[in-house]
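As structure tokens, the structure follows; a few thoughts come after it.
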Ligand code: NAP
């Protein structure tokens with residue numbers, strides 16, 4: 001079997017077109033997304049530039065606020081509270097990693113939940129237990145969207161999520177549970193990972209370990225969504241799934257790069273427009 005590639009770039013492009021129309025329907029008032037970064041982080045800078053390009057295409061103004069290294073948690077929270085008060089600011093995102101000494105949870109909780117376009121405020125995270133909230137966590141929503149586009153029947157599908165982080169693994173498991181798929185979550189405590197992955201009709205891998213899942217761990221015909229982003233010593237970006245071996249077994253497979261990543265950015269823009277009052 002040769003997997004159909006789930007082309008995240010193409011899917012994101014189609015989403016941006018729809019989002020652009022939704023943006024135009026909001027009229028001439030500004031819709032601003034503010035990215036806050038503490039210190040300089042080259043990896044985050046690449047990510048921010050991608051976000052800026054995508055935002056411009058949709059018609060969202062993206063402002064980048066670079067706070068100096070040495071900014072304390074209290075100073076960062078105060079900066080976020082200022083943004084919460086600015087009416088033209090629809091969304092606020094905080095780039096990670098944050099310097100040691102700043103608690104990411106405290107910072108995320110300081111964002112007004114209505115402007116939390118990454119969907120990581122405890123209120124938005126909690127809301128996914130009650131079905132899809134207005135502002136779902138972007139990566140989880142992206143993984144869900146990619147799976148739904150395959151057209152496969154999710155009801156009753158054996159679904160295995162590898163990784164149980166708060167921002168990725170757990171919300172993905174919950175969103176897929178809403179489709180009545182039978183969800184198993186694997187993590188560091190899981191014995192015999194392959195025994196679980198091999199029976200998955202839908203396999204989502206979100207760990208951050210290059211090549212953790214090989215083709216021999218995949219059920220023939222399965223839909224495999226690779227969330228992982230790993231940078232090799234040569235600078236090359238790979239996922240958590242060994243692409244070449246997985247592609248000979250899976251029915252659908254997301255590439256890395258070009259799979260979940262671009263759709264995650266599109267979800268961020270969708271959330272920003274929703275936060276600004278658009279129906280998308
Ligand atoms: P994380 O917070 O480090 O979580 C990784 C998860 O994997 C944890 O739940 C960890 O369990 C689990 N894990 C570690 N080793 C494992 C193993 N051998 N078998 C099974 N589970 C294992 O990372 P994250 O934020 O969830 O991100 C995961 C990956 O997705 C990273 O590569 C990240 O860069 C990528 N990512 C991509 C996007 C995108 O848009 N494409 C967005 C966000 C993240 P313990 O906590 O118990 O150790």
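Quick note: the coordinates plus some simple rules give every number you see, no bench work behind them. Small disclaimer: the values here were computed from a predicted structure and weren't measured. Don't worry about glycine lacking a Cβ; one is built from the backbone with ideal geometry, like all the others, and counts go over all protein chains shown.
Here are a few things to note about the model shown:
- Contour minus Cα-Cα distance for residue 192 and residue 50 (0.36 nm per residue): 47.3 nm
- Helix 138-149 axis, angle to the chain major axis (alpha carbon atoms, nearest 10°): 50 degrees
- Nearest-ten-degree value, helix 260-275 long axis tilted from longest Cα axis of the chain: 40 degrees
- Remark: the residue 85-residue 148 segment gains 19.0 nm on full extension, using 0.36 nm per residue and subtracting the alpha carbon distance.
- Stretching the chain fully between residue 280 and residue 63 yields a gain of 75.9 nm (0.36 nm per residue, less the alpha carbon separation).
- Label-point separation, residue 123 to residue 236 (7 Å along Cα→Cβ), nm: 4.6 nm
- Relative contact order (%) - criterion: Cα under 8 Å, at least six apart; region: the chain: 24 percent
- For 216, 116, order by how many other beta-carbon atoms lie within 10 Å, fewest first: 216, 116
- Ranked by how many other Cβ atoms sit within 10 Å of their own Cβ, fewest first, the residues 219, 115, 236 fall in the order 236, 219, 115.
- With contacts taken as Cα pairs under 8 Å at a separation of at least 6 residues, region 1-149 carries a relative contact order of 22 percent.
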